[in-house]
Amino acid sequence: SNTYDRQQDDMYQDALLATSGTTKYARMNASAHTSTNGTSGINAGLSSTQIVTTDGVYITDKAATSYTLVDIHQSQNTEQTFDEKGYF
C-alpha cells in the first residue's frame, strides 16, 4: 500500500505477508511486514492445549474450560457388534 507521511512530506510503500494454519494439535499464524521508510517486522503465534493425566498427555487445538476423556474398550461379554466412537 502507499502511505503519505505529512510530518515528513514523504510517500512510502508498505508490504504485508500473512499466513495461518490449523492442525488437530495446534493453531498457528505468522506475518511479516516491510516498508520503504525503513521499518520492518515479523510476528508469529502458536496456540494449543495440553491435557495432563495420570495416563499421559493429550494435545489439542481446541480451547475450553474443561475436558472429558473417554476411554473406550471393546466389550468381551456381548454377542452384538457396536460401532464404537471416541468423540461426541
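Every number in this text was worked out from the coordinates using simple rules, so none of it is lab data. Note that the structure is predicted; figures quoted are calculated from it, not measured. Positions of Cβ are generated from backbone atoms using ideal geometry, with glycine treated the same way; all protein chains shown enter the neighbour counts.
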Under the Karplus relation 6.51 cos²θ - 1.76 cosθ + 1.60, θ = phi - 60°, what is the ordered set of whole-Hz ³J(HN,Hα) values for the stretch 37-43, x standing for Gly and Pro? 8, x, 8, 7, x, 9, 9
Listed peptides 27-40, 7-20 by packing density, highest first (mean Cβ within 10 Å): 27-40, 7-20
Added length on full extension, which subtracts the Cα-Cα distance from 0.36 nm per residue, Asn29 to Thr60: 9.5 nm
So how many Å³ per residue does the convex hull of the Cα atoms of the stretch 1-79 work out to? 157 Å³
